[in-house]
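Q: Questions regarding the structure given below will be posed in turn.
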Amino acid sequence: MASPLEIDEVNENKGRMWDLEQKIDQPMDEEAGRLRNMYREKKFSALLLLRLAYQSLGVVYGDLGTSPLYVFYNTFPHGIEHQEDVVGALSLIIYSLTLVPLLKYVFIVLRANDNGQGGTFALYALLCRHANIKIIPNQHRTDEELTTYSRTAFHEKSFAAKTKRWLEGQAFIKSTILILVLVGTCMVIGDGILTPAISVLSAAGGIKVNRPEMDSGVVVLVAVVILVGLFSMQHYGTDRVGWLFAPIVLLWLLLIGGIGMYNLSRFGGNVLKAFSPLYVYRYLRNGRKKSWLSLGGILLSITGTEALFADLANFPVSSVQIAFTLIVFPCLLLAYSGQAAYLVDNLDHYQDAFYRSIPDRIYWPVFVIATLAAIVASQATITATFSIIKQALAHGCFPRVKVVHTSKKYLGQVYIPDINWILMVLCIAVTAGFKNQSQIGNAYGTAVVLVMLVTTLLMILVMILVWHCHWILVVVFTGLSLIVECTYFSAVLFKVDQGGWAPLAIAGVFLIVMYVWHYGTVKRYEFELHSKVSMAWILGLGPSLGLVRVPGIGLVYTELASGVPHIFSHFITNLPALHSVVVFVCVKYLPVYTVPEEERFLVKRIGPKNYHIFRCVARYGYKDLHKKDDDFEKKLFDNLFMFVRLESMMEGCSDSEYSLCEPQNEQSREFMLNNNGNTTSMSNVDFSVSSVDSIVPARSPSHVNVVTFQSSSHCTDIDELEFLNGCREAGVVHILGNTVVRASRDSRFYKKIAVDYIYAFLRKICRENSVIFNIPHESLLNVGQVFYV
């Protein structure tokens, strides 16, 4: 039995790392701790920052850097009438690059990262930690104690607090925010299709410029071959060839910047007057509707800006800012200015201004570098697509697909085979179907501007809830962003019938798939939540649960982080035997980018000791990859044994009675154990009538039931550990619930289509839980049940 001093020590040191055997703090890996602290405190040396800025070029800026290949052609698809039009278009490009990538994203939006993670779902996770807007309510107060669960506090009477209460009290607003996030995600997927198509096709178009007699079909064929090779190599990941990306993009940026300076010196710097915003006004005034529609092409000069945010993962914000301000931004300005100077003297070369402006001596080397840069840009966008689908999968917004980690160094580098081949087919269809850059550019612009609008709307909430900005700053940021983006969006709308429909159609299909899957996931969770088994019923069955308890351990997988799932009652009422030890295993994802390995598991006991029923919750972040393997099972049992030791040390069980008193306002004496050995008190949890971890149902204060179990003298922690080890050696059986969702008879027709056809089809073609958990068929037991919504 533990001494009172030991028990006091445990109670006074909740939340610290424990080693139960040695009772000393667990040492943290020194190098990992040093790097983590260095990253968090942003204490980078100047040399390291420059090195990271250089490396970020290949990952973050490939898409934005290849835009000069196709911007002027998509701005003037029908030719250029006046030289002033070129100057006006250049002025719009300059101020678009300044306002959107530079001011909005590099200096504002990048600061809204989730511990270094960027993208639409990263913003959503950040908001979920500061307000209860997550649709699936599977979070617990203990989750907020994670070291990665960072959030800021605010005064109850502040504007942020009022906004938080308003969001949490409106179910419609929660659904609207989720739909916004899904729309942004679908548009990023559209980018993953359109970026390779337009980048590779534009780069391959250089062949025809130097060989005018060549048929356009050959250019399309070359582009398709490059695309097939690009997607076929995805399973190798970017880790092996990633070291080549940065020098390729750097060389590309220096080349286009140098060519721009060459053209400015050759054709004159008269176009530099475009730095005056007056020429924006003149361009729009003189051209009217024609100039307005050309904004769809100018929008392509800022494509890749959203990928800049989505691909942030492995670099500190300061290094990305340095790379853009010192290298990317100046080189792009020089490239566009040089092309404009060339076009002013060669108005009829609007279709291929970039390649025609290249000096003859370096034409083919530039063509090779342009093709490689297009491949790098495509690779970065495809990788971002895989990453954001992985995040959607973790939030329950995408069907279960196979996710493969391609790098041992970088957590965010993943490969999704099914999505890869879908992207390849769609990308080839777009390239071969449209055949020209103009229509693909219209489609590309539609996807880009919609993602930007979604980011702006989410940033409003981030500025209020996370940054606690004054409402005037929020209004200024929102007003300026919406003026620019809505202006571009209005121009893009006129080109829906000229290719702009493609991303809308693609995004529409993915949106239906994601929303229907999330709807089915929520309904399944609500069914389990409201069908939880009463502990009074469990206790009424006795320690044997009315069955023959056979040697072995039964791992019952459930989505519930608390309570006894309905599948358990369904199981024990239909089978005559049950394992001696039952562990309810819940694998859940939290709105954090990662859960440290030492904080991953929570363990607690359900019911009296002689029932041998436990719960283990394995927590993951949206960047973590869960794979049910022997290592996971070993960690689960290690934490279970550690829990038994700590429980014995805290309460003792030798020659003691397990007394269970439960008036309505008395709280259960339960505690959780994480992987460090930390004990997390459950005394703050509100056990209401719906709670099923309570020993008996809640009653009025005048009715107090006491259930007493006399422990035998030999019931020590050593005996229980030996018992658990013996059961483990006897065999482990994995029990999975297979809840089939069906629409009720009185449902509307669209609900029946969504649930009975779309959701059922998605469940049929997606991976089974047993495959994801890598469970051997000989130790798998499926328990089916039907639920009508």
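Q: Output the number of the condition that Y281 fails; it satisfies all remaining conditions of (1) out of contact with any helix residue (DSSP H, G or I) (no Cβ under 7 Å at 6 or more places or on another chain); (2) surrounded by 24 or more Cβ atoms within 10 Å (Cβ to Cβ).
A: (2)
Q: Residue by residue through segment 295-341, note down the ones that are in contact with a strand residue (DSSP E or B) (Cβ under 8 Å, 6 or more places away or on another chain) and either of a type in the set (S, T, Y) or open to solvent by 20 Å² or more (accessible area, probe 1.4 Å) (or both).
A: Answer for segment 295-341, where residues must be in contact with a strand residue (DSSP E or B) (Cβ under 8 Å, 6 or more places away or on another chain) and either of a type in the set (S, T, Y) or open to solvent by 20 Å² or more (accessible area, probe 1.4 Å) (or both): just A313.
Q: Let me ask another. What's the total number of residues in segment 80-120 that are among the hydroxyl-bearing types (S, T, Y) and either within 22 Å of the chain's Cα centre (by Cα) or closer than 14 Å to L312 by Cβ (or both)?
A: Number satisfying all stated conditions: 2.
Q: Looking for something crowded, with 19+ Cβ neighbours inside 10 Å, at pLDDT 90 or above and under 30 Å from A112 (Cα atoms) - is there at least one such residue anywhere in segment 608-617?
A: Scanning segment 608-617 turns up at least one residue that is crowded, with 19+ Cβ neighbours inside 10 Å, at pLDDT 90 or above and under 30 Å from A112 (Cα atoms).
Q: Within the bounds of segment 434-453, is there any residue that is under 14 Å from P196 (Cα atoms) and in contact with a strand residue (DSSP E or B) (Cβ under 9 Å, 6 or more places away or on another chain)?
A: Checking segment 434-453: not a single residue is under 14 Å from P196 (Cα atoms) and in contact with a strand residue (DSSP E or B) (Cβ under 9 Å, 6 or more places away or on another chain).
Q: Here is a follow-up. Considering only residues of segment 566-607 that are among the small types (G, A, S) and part of a strand (DSSP E or B), which is modelled with the lowest pLDDT?
A: A577
Q: Please state which of the following conditions L480 fails to meet, knowing it meets all the rest: (1) within 30 Å of L201 (Cα to Cα); (2) more than 18 Å from the chain's Cα centre (by Cα).
A: Unmet for L480, out of (1) within 30 Å of L201 (Cα to Cα); (2) more than 18 Å from the chain's Cα centre (by Cα): (1).
Q: In the set V689, V783, V704, V685, which member is modelled with pLDDT under 85, touching a strand residue (DSSP E or B) at 6+ places or on another chain (Cβ under 9 Å), among the hydrophobic types (A, V, I, L, M, F, W, C) and part of a loop (DSSP other than H, G, I, E, B)?
A: After ruling out the rest, the residue left standing is V704.
Q: Can you say whether T456 is touching a residue at least 24 places away in the same chain (Cβ under 8 Å) and open to solvent by 20 Å² or more (accessible area, probe 1.4 Å), as far as the supplied structure shows?
A: no
Q: Report, ordered by the first and then the second residue, all pairs with beta carbons closer than 7 Å, sequence separation of six or more or different chains, a first member in segment 724-753 that is farther than 30 Å from L780 by Cβ, and a second member that is buried (at least 19 other Cβ atoms within 10 Å of the Cβ).
A: Close Cβ pairs (under 7 Å, with a partner that is buried (at least 19 other Cβ atoms within 10 Å of the Cβ)) amount to K751/A743; K752/A743.
Q: Here's a follow-up. For segment 730-751, enumerate the residues that are out of contact with any Lys or Arg (no Cβ under 9 Å at 6 or more places or on another chain), open to solvent by less than 70 Å² (accessible area, probe 1.4 Å) and either aromatic (F, W, Y) or farther than 16 Å from V522 by Cα (or both).
A: A730, G731, V732, V733, I735, L736, S747 - these are the residues of segment 730-751 that are out of contact with any Lys or Arg (no Cβ under 9 Å at 6 or more places or on another chain), open to solvent by less than 70 Å² (accessible area, probe 1.4 Å) and either aromatic (F, W, Y) or farther than 16 Å from V522 by Cα (or both).
Q: Does L545 count as over 30 Å from L167 (Cβ atoms), of a type in the set (A, V, I, L, M, F, W, C) and assigned to a loop (DSSP other than H, G, I, E, B)?
A: Judged against the criteria, L545 is a match.
Q: Report yes if F386 is outside any helix (DSSP H, G or I) and within 24 Å of the chain's Cα centre (by Cα), otherwise no.
A: Here the answer is no, as F386 does not meet what is asked.
Q: Here are P565, P576, P591: which of them is within 30 Å of A131 (Cα to Cα) and either open to solvent by 10 Å² or more (accessible area, probe 1.4 Å) or in contact with an Asp or Glu (Cβ under 8 Å, 6 or more places away or on another chain) (or both)?
A: Step by step, each of P565, P576, P591 is checked, and only P565 is within 30 Å of A131 (Cα to Cα) and either open to solvent by 10 Å² or more (accessible area, probe 1.4 Å) or in contact with an Asp or Glu (Cβ under 8 Å, 6 or more places away or on another chain) (or both).
Q: Looking at the structure I just gave you, is S378 within 16 Å of D191 (Cβ to Cβ) and crowded, with 21+ Cβ neighbours inside 10 Å?
A: Judged against the criteria, S378 is a match.
For every residue, the table says whether it meets (1) surrounded by fewer than 18 Cβ atoms within 10 Å (Cβ to Cβ); (2) touching a strand residue (DSSP E or B) at 6+ places or on another chain (Cβ under 8 Å); (3) modelled with pLDDT under 85.
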{"site": "C486", "(1), (2), (3)": "yes, no, no"}
{"site": "A491", "(1), (2), (3)": "no, no, no"}
{"site": "G499", "(1), (2), (3)": "no, no, yes"}
{"site": "P503", "(1), (2), (3)": "no, no, no"}
{"site": "I506", "(1), (2), (3)": "no, no, no"}
{"site": "G520", "(1), (2), (3)": "no, yes, no"}
{"site": "V533", "(1), (2), (3)": "yes, yes, yes"}
{"site": "L539", "(1), (2), (3)": "no, yes, yes"}
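Q: If E144 meets every condition in (1) farther than 24 Å from T176 by Cα; (2) crowded, with 18+ Cβ neighbours inside 10 Å apart from one, which number is that one?
A: Of everything listed in (1) farther than 24 Å from T176 by Cα; (2) crowded, with 18+ Cβ neighbours inside 10 Å, E144 misses just condition (2).
Q: Show the residue pairs meeting these rules: Cβ distance below 8 Å; 6+ apart or different chains; first residue within segment 215-236 and at pLDDT 90 or above and part of a helix (DSSP H, G or I); second residue open to solvent by 60 Å² or more (accessible area, probe 1.4 Å) and among the hydrophobic types (A, V, I, L, M, F, W, C).
A: As it stands, the answer is F231/W421, since those pairs meet every condition given.
Q: In segment 342-362, what residues are over 11 Å from I259 (Cα atoms) and open to solvent by less than 10 Å² (accessible area, probe 1.4 Å)?
A: L343, A353
Q: Quick one: count up the residues across segment 237-249 that are touching a residue at least 12 places away in the same chain (Cβ under 8 Å) and either closer than 28 Å to V425 by Cα or buried (at least 20 other Cβ atoms within 10 Å of the Cβ) (or both).
A: Adding up the residues that qualify gives 9.
Q: Something else: Can you pull out the residues in segment 620-644 that are buried (at least 19 other Cβ atoms within 10 Å of the Cβ), basic (K, R) and at pLDDT 80 or above?
A: Across segment 620-644, the qualifying residue is only K623.
Q: Among residues belonging to segment 158-214 that are of a type in the set (A, V, I, L, M) and open to solvent by 20 Å² or more (accessible area, probe 1.4 Å), point out the one that is nearest to V368 (Cα to Cα).
A: Ranking the qualifying residues of segment 158-214, first place goes to I207.
Q: Additional query: State yes or no: is P68 in contact (Cβ under 8 Å) with a residue 60 or more places away in the chain, touching a Ser or Thr at 6+ places or on another chain (Cβ under 9 Å) and either among the small types (G, A, S) or surrounded by fewer than 24 Cβ atoms within 10 Å (Cβ to Cβ) (or both)?
A: So P68 fails the test.
Q: Is segment 398-418 home to any residue that is open to solvent by 50 Å² or more (accessible area, probe 1.4 Å), at pLDDT 90 or above and in a helix (DSSP H, G or I)?
A: Yes, segment 398-418 has at least one match.
Q: Next question. When you look at L272, is it part of a helix (DSSP H, G or I), open to solvent by 10 Å² or more (accessible area, probe 1.4 Å) and of a type in the set (A, V, I, L, M), yes or no?
A: yes
The values are calculated or read from the model by the stated rules, or taken from the named source; none is laboratory data. Given the structure is predicted, the values throughout are model-derived calculations rather than measurements. Don't worry about glycine lacking a Cβ; one is built from the backbone with ideal geometry, like all the others, and counts go over all protein chains shown. Accessible surface areas use protein heavy atoms only, side chains included; no ligands, DNA or RNA. Shrake-Rupley method; radii C 1.70, N 1.55, O 1.52, S 1.80 Å.
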